[in-house]
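Derivation of every value follows stated rules applied to the coordinates shown; laboratory data play no part. The structure presented is a predicted model; accordingly, all values stated were derived computationally and were not measured. Every residue, glycine among them, receives a Cβ derived from its backbone with ideal geometry; neighbour counts consider all protein chains shown.
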Amino acid sequence: MTSTESPTAIGSGTAATEKFSKERVSADTSPERLSAIATDALGALGQVIDKHGITYSEYRVLKQWLIDVGTYGEWPLWLDVFVEHNVEEVAYRGQSGTKGSIEGPYYVADTKRLPARCTLPMRADETGTTLVFEGQVRDLGGVGLAGATVELWHADSEGYYSHFAPHIPDGNLRGTIEVDAEGRFEIATIQPAPYQIPTDGPTGWFIEKAGWHPWRPAHLHLMVKAPGKRTITTQLYFRGGDWVGNDVASAVKPELILDPKPGADGVDRVTYDFVLDPAAQ
């Protein structure tokens with residue numbers, strides 16, 4: 001199988017922005033808290049301007065770049081790559097269960113519901129190494145959580161996501177798995193590839209000018225839920241994979257690295273259990 005039409009930065013960015021805009025999110029932030037946050041953020045920016053002696057030419061380039069990011073619809077991409085990992089670290093404070101990681105811009109809600117033992121939806125000619133991913137969802141006491149769901153989504157073997165690449169059918173390599181009575185699941189899929197975040201738009205221009213790289217290591221995205229428990233959003237990576245030690249999004253954690261091994265049938269298998277904290281009161 002070969003790609004017939006690769007996604008562009010503006011195409012992927014527009015899709016991500018449209019998806020996010022439809023959610024119309026809000027936060028219970030008081031005027032006093034907003035003022036304090038904004039004052040500190042602007043003050044920190046002012047310190048950077050003063051420290052580096054930012055010129056008017058550089059300031060005007062910044063304004064044009066900010067406009068370009070919006071025009072290309074890349075604010076979800078840029079913020080998720082460079083800012084979300086800090087927000088996620090704050091969100092995890094006080095939790096004892098499975099480590100979280102960033103959600104990223106490619107999440108799609110309401111994916112196909114699948115039984116505890118299943119194969120993710122994929123094309124008939126899907127390429128890639130088969131991976132069987134299994135485990136259990138438990139509470140802090142080690143009890144399996146019946147009624148839990150494991151949402152799983154990831155890139156294909158070329159690094160593209162369904163819903164954000166025009167040559168991939170919607171729902172490909174995405175699903176919401178309903179665990180069994182003991183909280184267990186077994187999912188057959190393929191191992192995803194590392195991928196570059198879109199580089200033909202302002203996020204890519206920014207990375208190139210800074211002399212950075214645009215790569216994310218191969219990973220599985222997961223959102224694990226259970227009644228009365230705190231939802232965990234995370235990513236799982238592959239030991240020894242490219243860019244695991246140098247992720248552009250700074251989202252890799254040692255606790256989130258998988259090490260698949262061939263089973264008796266020759267198929268790569270890996271086990272990873274999820275432990276959920278009680279829901280916040």
Quick one: if you take sqrt(5λ) for each eigenvalue of the C-alpha gyration tensor of segment 79-229, what semi-axes come out, biggest first, whole angstrom?
29, 22, 12
Which one, S21, S162, S30, has the greatest fluctuation when you compute a Gaussian network model over the chain with C-alpha springs under 10 angstrom?
S30
Tally Lys and Arg at +1 and Asp and Glu at -1 over the other residues with C-beta under 10 Å from the C-beta of P105: what net charge comes out?
-3
For segment 148-281, what is the Kirkwood hydrodynamic radius in Å, using each pair of distinct C-alpha atoms?
16.6 Å
Taking the alpha-carbon centre of each part, the distance from segment 201-219 to segment 141-166 in Å is 24 Å
Between G228, G183, G201, which gets the highest mean-square fluctuation from a Gaussian network model of the chain, Cα cutoff 10 Å?
G228
Given H placed 1.01 Å from N in the peptide plane, which residues other than close sequence neighbours of R269 have an amide H under 5 Å from its amide H?
V132, K261, G263
Amide H neighbours of I190 at under 5 Å, excluding residues fewer than 5 places away on the same chain, with H built from the backbone geometry, are L131
Beta bridge orientation in the chain: antiparallel %, DSSP, nearest 5
70 percent
With Q196 itself left out, Lys, Arg at +1 and Asp, Glu at -1 over residues whose Cβ is under 13 Å from its Cβ give -4
Quick query: amide H of I177 versus all other amide H atoms, modeled in the peptide plane; which residues come in under 5 Å with a sequence gap of 5 or more or a different chain?
L114, V150, E151, L152
In whole Hz, with x marking every Gly and Pro, tabulate ³J(HN,Hα) for segment 235-243 from phi via Karplus 6.51 cos²θ - 1.76 cosθ + 1.60, θ = phi - 60°.
9, 10, 10, 10, 4, x, x, 4, 6
Charge dipole (debye, nearest 20) of the chain; +1 at Cβ of Lys and Arg, -1 at Cβ of Asp and Glu:
340 debye
Euclidean distance of C-alpha centroids, segment 65-123 and segment 25-57, integer Å:
24 Å
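Mind ordering 270-278, 189-197 by average Cβ neighbours within 10 Å, highest first?
Numbers: 270-278: 17.7, 189-197: 20.4.
With the highest mean Cβ count within 10 Å placed first, the list reads 189-197, 270-278.
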So if I take the alpha carbon set of segment 9-88, get Rg, then get Rh from the Kirkwood formula, what is the Rg over Rh ratio?
1.02
Output needed for segment 184-256: three equivalent-ellipsoid semi-axes, defined as square roots of 5 times the C-alpha gyration tensor eigenvalues, in descending order, whole Å.
28, 15, 12
Which entries of K19/K225; K225/K253; K51/K99; K63/K99 have Cα-Cα distances beyond 32 Å here?
K51/K99; K63/K99
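Could you tell me what a quarter of the Cα convex hull surface of segment 79-140 works out to, in nm² with one decimal place? All intermediate terms of the calculation are to be shown ahead of the outcome.
On the way: hull surface 26.7 nm².
With every direction weighted equally, the projected area is 6.7 nm².
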Compactness summary of the chain: radius of gyration and Dmax from Cα atoms, Å, are 20.2, 65
In whole Hz, the Karplus estimates of ³J(HN,Hα) for segment 260-266 (6.51, -1.76, 1.60; θ = phi - 60°; x where Gly or Pro) are x, 10, x, x, 4, 8, x
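Compute the whole-percent fraction of alpha carbon pairs in segment 149-191 spaced more than 17 Å apart.
On the way: 339 of 903 pairs.
In whole percent, the share of Cα-Cα pairs in segment 149-191 beyond 17 Å is 38.
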Summed over the other residues with a beta carbon less than 12 angstrom from that of S157, with K and R at +1 and D and E at -1, the charge totals -3
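Give me Rg/Rg_expected for segment 147-220, where Rg uses Cα atoms only and Rg_expected = 2.2 N^0.38 Å with N residues.
Working: Rg = 16.0 Å, N = 74, 2.2 N^0.38 = 11.3 Å.
So the Cα radius of gyration is 1.41 times the expected 2.2 N^0.38 Å.
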Viscosity 0.692 mPa s, 37 °C: Kirkwood-radius Stokes-Einstein D of segment 1-153 over Cα pairs, µm²/s:
162 µm²/s
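How would you rank 72-80, 235-243, 124-132, 46-54, highest first, on the average number of other Cβ atoms within 10 Å across their residues?
Working: 72-80: 21.7, 235-243: 17.7, 124-132: 13.9, 46-54: 10.1.
Going from most to least packed, we get 72-80, 235-243, 124-132, 46-54.
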